[in-house]
């Protein structure tokens, strides 16, 4: 099939199903072009090594299921490392509860916010998917599980600032921007650390829709304090003065991680 034939076929499909246009507009390359119009001199975040974040040779043990929609081991280890010495943690987006479960090994005061099962089902989501939310984290009675939609949730009503905050809810541009704005408006104090999941599709591929939402939702004076922890899919806001390096893809490896796996019946 020639390119012209493919184009003709594509147009026929779009005429029959106009929503297919969204698949084109949501392509990461298109999102990158849109991003560059707003941030022409900000194509990636400065990278910081996990050694630099931990202030020593990085080492961490984490629990995870290794199933669809979960975090990388390094994502969870990053959160657990950042949690050391902190007293409170707030999380948007729970899924199976792996992130807050690991953080709770370092912080006793842990709170997570997620849609209720009823709301997820009302949105047409798979019933089993709704039931699996918090399947791990709810095994820890010390973790406070709040239910609500961040579109309408009263963050000010919490009347509390948190040391470590993890944003991992709806990853659309609109919702990442909204959640980020609410976090900086209501939950952040002078020493808070904020982590966003899915800043990148993987450790080497930036997710520009989320990246733009992070920058648009974060006060401009804090843009200089946002970093990409190497070997993770995360972005982190921290007032620490990290040593950084420039993003590159494909990347020449700097670290070889040792991974020991041990299965335990759940």
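The values are calculated or read from the model by the stated rules, or taken from the named source; none is laboratory data. The structure presented is a predicted model; accordingly, all values stated were derived computationally and were not measured. Every residue, glycine as well, gets a Cβ built from its backbone with ideal geometry; the counts of neighbours run over all protein chains shown.
Here are the numbers for the structure shown:
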item	result
Subset of segment 94-106 (residues that are buried (at least 21 other Cβ atoms within 10 Å of the Cβ) and either in contact with a strand residue (DSSP E or B) (Cβ under 6 Å, 6 or more places away or on another chain) or outside any loop (DSSP other than H, G, I, E, B) (or both))	94, 98, 99, 100, 101, 102, 103
Some residue of segment 162-173 being in contact with a strand residue (DSSP E or B) (Cβ under 6 Å, 6 or more places away or on another chain) and in a helix (DSSP H, G or I)	no
2 or more residues surrounded by 15 or more Cβ atoms within 10 Å (Cβ to Cβ), within 17 Å of the chain's Cα centre (by Cα) and touching a residue at least 60 places away in the same chain (Cβ under 8 Å): qualifying helices (runs of 4 or more DSSP H) within segment 27-83	73-83
Some residue of segment 215-226 being farther than 20 Å from residue 113 by Cα and under 14 Å from the mean Cα position of the chain (by Cα)	yes
Exclusive hit being touching a strand residue (DSSP E or B) at 6+ places or on another chain (Cβ under 6 Å), crowded, with 21+ Cβ neighbours inside 10 Å, modelled with pLDDT of 95 or more and in a helix (DSSP H, G or I), set 210, 176, 183	183
Test result for residue 249, at pLDDT 95 or above and part of a loop (DSSP other than H, G, I, E, B)	no
Among (1) farther than 22 Å from residue 39 by Cβ; (2) not in a helix (DSSP H, G or I), the one test that residue 157 misses	(2)
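Conditions (1) touching a helix residue (DSSP H, G or I) at 6+ places or on another chain (Cβ under 6 Å); (2) within 19 Å of residue 88 (Cα to Cα), marked per residue:
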| residue | (1), (2) |
| --- | --- |
| 135 | no, no |
| 155 | yes, yes |
| 161 | no, yes |
| 173 | yes, no |
| 201 | no, no |
| 205 | no, no |
| 209 | yes, no |
